[in-house]
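Colleague: Structure in C-alpha cells, see below.
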Amino acid sequence: MDVLVLNCGSSSLKYQFIDMENEEVLTMGICDRIGIDGSIITYTPHGKEKIKKEVNMPDHKAAVEFMIESLINEEDGVIKSMDEITAVGHRVVHGGEAFSKPTIIDKVVEAAIQGVSDLAPLHNPANLVGIRACEALMPNTPQVAVFDTAFHQTIEKKSYLYALPYKYYKKHRIRRYGFHGTSHQYVAKRTADFLGKNIEDMKIIVCHLGNGASVCAIEGGKSVDTSMGLTPLEGLAMGTRSGDLDPAIVQFIAQKEGLTLDEVITVLNKESGIKGVSEISNDFRDLEKAIAEGNERAILTMDLFHIRVAKYIGAYAAVMNGVDAVVFTAGLGENNKVVRKEICNYLGFLGVKVDDELNNCRAIERDFSAADATVRSLVIPTNEELAIARATKKLV
Ligand code: ADP
C-alpha cells in the first residue's frame, strides 16, 4: 500500500509518497511558485539525487499533474501507473469543531472544510484546491483529511474558551482551537514509546519550535491545553508572529502608525516575532550567527523567545498538576541545543536538569536529562507526513 501525502499551500504543494509496508519514503518533493512566473518542481526519488525542473504550473491541478508525473515517469519514477497510489492524505489546517479525527473526504466533508475557511483564510482554501485537484485526476482514489486542529478537540471548555462575551462563541465559534496537532500527537506517542511507558500514564509537554511554534500539554495521550488559539497567531513568539500580546496594542498601533486593522494583523503575523524584535531575520540560524558576533539585539531576541517557552511549560505543568517529560521538536527544537538548554535552565524547580553532553545532538530521538533529573527532557523529531500517512492507511 502506497500513500501520497499532500500539504498544499496557496502557492506551493509539498508531497511525500510513502510505501506503508515499511514506511519508506519513495519520493518527496515540492511544487513551488504555483500560479507565479518561474514555477518549479523539485523532488528526490529514494536513493537518488534531487531533481529540479522548471515547468509551467498555472494552477494546483497542473501542480498535481507534475507531481504525479514525478512518481510515474520512465527515468526516475517509482511506480508504473496512478493506480498504485492507494490513497491520498491531505493536511488540512482548520477543522473547526466539526472534526476531532482524520476523516475520509466526501462532498459533505469538503463543504465543512469550506465552512470553516474564514477561521483559516490563508490555509483552508489552498487545502481544498489540492483536494479538488486530486479528486479530478484520481476520482477513484480515497482522499483523507488530517486536521491540525483535531488532536486539540479534547481540550476542555474552561481552557478553550476566551473570556469574551459568550455570544461570540455561540455566534461565531470564537474559541481556542490550537494547531500542530498532528505533530504534538505523534511526538507524544513517540516519547512514551521511547521511554518504554504507557502514554495513558504520562503527563507530557511538547514544544514544537519551528518557524511556527506552539506548546501542548498532553495528559494520558490527550491534548489538555495548547498555546495557539483561534488562529496560529497566539502563544509563543515565533519566526514572524508576535504571539501573545495585550489586544489593546492593535488599536494603539493602528492609531499611531495610521494603519488599518488588516494591516496591523499583517504586522503581527509577518513582521513581528523573532524577525521584528531582532530586525535581523526570522530564521533562527541567522540569529545564532549574529549572537556569535556579539549582537546584543540578537541575544535579547533569543532571551525573549526562551522565557516565553519556559512560561508556557510552567503554566502547563500547573494545568496537569505535574509533568513527566518536556519534549523538543521541529526545526529549532530538534537542531538547536542552546535553545533547549536555555529553556530547561528555567525549569530546575520542576526537576528538569540537562546533561550537556547528551544534549549535544541534532534531529535524533534522545533523552538528554541528567542522571539526577526527576523530569525527563527529550528531543523527538516530528514527522507530520508519516503521521498523516498512517492515519490515511488506518482509515482506508
Ligand atoms: P516550519 O515547518 O514552521 O516552517 P521548521 O520546523 O522547518 O519550521 O523550523 C524552521 C526553523 O528551524 C528555522 O528558523 C531554522 O532556523 C531552524 N532550523 C531548521 N533546521 C535547522 C538546523 N539544521 N540547524 C539549526 N536550526 C535549524
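Colleague: Quick one: with all protein chains in place, what share of the accessible area of segment 33-144 is carbon or sulfur, to the nearest percent (1.4 Å probe)?
Modeller: 53
Colleague: Of all DSSP beta bridges located in segment 305-396, what percent are antiparallel, nearest 5?
Modeller: Given both bridge residues lie in segment 305-396, the antiparallel proportion sits at roughly 40 percent.
Colleague: Here is a follow-up. Taking the C-alpha atoms of segment 211-342, how large are the radius of gyration and the largest Cα-Cα span, Dmax, in Å?
Modeller: Rg and Dmax of segment 211-342, Cα atoms, are 15.8, 48 Å.
Colleague: OK, next. If you project the alpha carbons of segment 83-230 onto their three principal axes, what span does each projection cover, largest first, in Å?
Modeller: Cα spread of segment 83-230 along its principal axes, largest to smallest: 45, 44, 27 Å.
Colleague: Per q in 0.23 1/Å, what log10 I(q)/I(0) does a Debye calculation on the alpha-carbon atoms of segment 323-378 return?
Modeller: -0.80
Colleague: Give the separation of the Cα centroids, segment 37-102 to segment 232-279, in Å.
Modeller: 34
Colleague: Shifting gears a bit: Beyond 29 Å between alpha-carbons counts as too far, so tell me which of 107/393; 222/394; 107/171; 157/189; 337/394 fall in that bin.
Modeller: In this structure, 337/394 lie more than 29 Å apart at Cα.
Colleague: What is the distance in Å between the Cα centroid of segment 111-181 and that of segment 300-366?
Modeller: With segment 111-181 and segment 300-366 each reduced to a Cα centre, they are spaced 29 Å.
Colleague: Report in % the part of the accessible area of segment 250-335 that belongs to carbon and sulfur, leaving out ligands and nucleic acids; probe 1.4 Å.
Modeller: 51
Colleague: While we're on this one: Quick one: if you stick a label point 7 Å off each Cα along the C-beta vector at residue 249 and residue 171, how many nm between them?
Modeller: Taking the simple label geometry, residue 249 and residue 171 are separated by 2.7 nm.
Colleague: OK, next. With axes computed from alpha carbons, what is the tilt in degrees of helix 248-257 against the longest principal axis of the chain, rounded to the nearest 10 within 0 to 90?
Modeller: Result, in degrees: 80.
Colleague: What does the extension gain come out to for residue 159 and residue 321, with contour length at 0.36 nm per residue minus their alpha carbon separation?
Modeller: That works out to 56.8 nm of additional length.
Colleague: Considering only protein heavy atoms, what per residue accessible area in square angstrom results for segment 234-375 with a 1.4 angstrom probe?
Modeller: 51
Colleague: Counting heavy atoms of the protein chains only and a 1.4 Å probe, report the per residue accessible area for segment 106-189 as a whole number of Å².
Modeller: Ligands and nucleic acids excluded, the result is 46 Å² per residue.
Colleague: Considering only the chain, what is the antiparallel percent among its DSSP beta bridges, to the nearest 5?
Modeller: So the antiparallel bridges in the chain amount to around 70 percent.
Colleague: Now a separate question. Averaging over all projection directions, find the projected area of the Cα convex hull of segment 180-226 and quote it in nm² with one decimal place.
Modeller: Projected area, direction-averaged: 2.8 nm².
Colleague: Using a simple spin-label model with points 7 Å from Cα along the Cα→Cβ vector, what separation in nm is obtained for residue 360 and residue 118?
Modeller: 5.6
Colleague: Now for a separate question. So what is Rg over Rh here for segment 51-122, counting just Cα atoms and using Kirkwood for Rh?
Modeller: 1.07
Colleague: Something else now. Take residue 69 and residue 136, extend 7 Å from each Cα along the Cα→Cβ direction, and tell me the distance between the two endpoints in nm.
Modeller: Reported label-point gap for residue 69 and residue 136 is 1.5 nm.
Colleague: Explain nothing, just compute: Karplus ³J(HN,Hα) = 6.51 cos²θ - 1.76 cosθ + 1.60, θ = phi - 60°, for every residue of segment 190-200 in order, whole Hz, x for Gly and Pro.
Modeller: 4, 4, 4, 4, 4, 7, x, 10, 8, 4, 4
Colleague: Follow-up question, since we're still on this one. Could you order 366, 176, 285, 340 by accessible surface area, starting with the largest, using a probe radius of 1.4 Å?
Modeller: Order by accessible area, largest first: 285, 366, 176, 340.
Colleague: Just the projected area, averaged over all directions, of the convex hull on the alpha carbon atoms of the chain: how many nm²?
Modeller: 21.0
Colleague: Among the aspartates and glutamates, which fall within straight-line cross-link reach of residue 270, defined as a Cα-Cα distance under 15 Å, with same-chain neighbours fewer than 8 residues apart omitted?
Modeller: Excluding near neighbours in sequence, the set is 234, 244, 262, 279, 283.
Colleague: Mind checking the full-extension length gain between residue 44 and residue 110? Use 0.36 nm per residue of separation minus the Cα-Cα distance, one decimal, nm.
Modeller: Contour length minus the Cα-Cα distance gives 20.7 nm.
Colleague: Report, in debye and to the nearest 20, how large the dipole of the chain comes out about its Cα centre when Lys and Arg carry +1 and Asp and Glu carry -1 on their Cβ.
Modeller: Dipole of the chain, to the nearest 20 debye: 1260 debye.
The values are calculated or read from the model by the stated rules, or taken from the named source; none is laboratory data. The shown structure was predicted, so the numbers you read here are calculated from the model rather than taken from an experiment. For neighbour counting, all protein chains shown are included, and Cβ atoms are generated from backbone atoms with ideal geometry for every residue, glycine included. Surface areas here come from the heavy atoms of the whole protein model, side chains and all, with no ligands, DNA or RNA. Shrake-Rupley method; radii C 1.70, N 1.55, O 1.52, S 1.80 Å.
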